[in-house]
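Engineer: Dropping the structure in here first, questions after.
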Amino acid sequence: MATGPFEKVDPKLTIYALANGMDLVKEDPEERMLTWYRDGRERAILITLQSDSVFTLSAAAWATNRADSRTAKEIRTIPADELTGALSTILDEVIEAANEL
């Protein structure tokens, strides 16, 4: 079970990932990553902890098995309570940005 700043976000991220055919990566205690494959590229939403209550959301894409080809774009910085309150809407925006990379 997650503790700390991701405690409220993780259950919602898990449901969102399952509903959208994504993988949820929780290897770093200060970052979460939702990944999927589209149009020949791996794509991701990175949710990075900036402070106890603020997250940065970035979109990323790279060629399969070529992490050196990764392109990333910061989309927004958002307080944790806003992220949990409107998670689907916010993540949909970042997905759109990642699919354009």
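Engineer: Amide H neighbours of LYS8 under 5 Å, at least 5 residues apart or on other chains, H built in the peptide plane: list them.
Structural biologist: Long-range HN contacts for LYS8: none found.
Engineer: Further, regarding this structure: What do you get when you divide the Cα radius of gyration of the chain by 2.2 N^0.38 Å, with N the number of residues? Kindly include the intermediate steps, with their values, before the conclusion.
Structural biologist: Details: Rg = 12.8 Å, N = 101, 2.2 N^0.38 = 12.7 Å.
Ratio of Rg to 2.2 N^0.38 Å for the chain: 1.01.
Engineer: Quick one: ILE75, ILE45, fewest Cβ neighbours within 10 Å first, how do they rank? List each step's numbers first, then the result.
Structural biologist: Numbers: ILE75 18, ILE45 26.
With the fewest neighbours first, ILE75, ILE45 line up as ILE75, ILE45.
Engineer: Here is a further query. Rounded to the nearest 500, what is the 222 nm mean residue ellipticity of the chain from helices alone, with -39500 (n - 2.57) per DSSP H run of 4+ residues and division by all residues? Write down the numbers at each step before the final one.
Structural biologist: Numbers: 3 runs with 31 residues, N = 101.
After summing the helix terms and dividing by the residues of the chain, the value is -9000 deg cm²/dmol.
Engineer: Based only on other Cβ atoms within 10 Å, what is the fewest-to-most ordering of ARG70, ARG41?
Structural biologist: Neighbour counts put them in this order, fewest first: ARG70, ARG41.
Engineer: To the nearest 20 Debye, how big is the dipole of region 4-100 about its Cα centre, given +1 on the beta carbon of each Lys and Arg and -1 on that of each Asp and Glu? Walk me through the numbers on the way to the answer.
Structural biologist: On the way: 11 positive and 18 negative charges, 57 e Å.
Result for region 4-100 is approximately 280 debye, rounded to the nearest 20.
Engineer: In a GNM of the chain with a 10 Å cut-off on Cα contacts, which of ALA61, ALA19, ALA44 has the highest mean-square fluctuation?
Structural biologist: ALA19
No lab work stands behind these numbers, since they all come straight from the coordinates. Every value quoted in this text rests on a predicted model; they were computed, and no experiment measured them. A quick note on method: Cβ atoms are made from the backbone with ideal geometry, for glycine too, and the neighbour counts reach across all protein chains shown.
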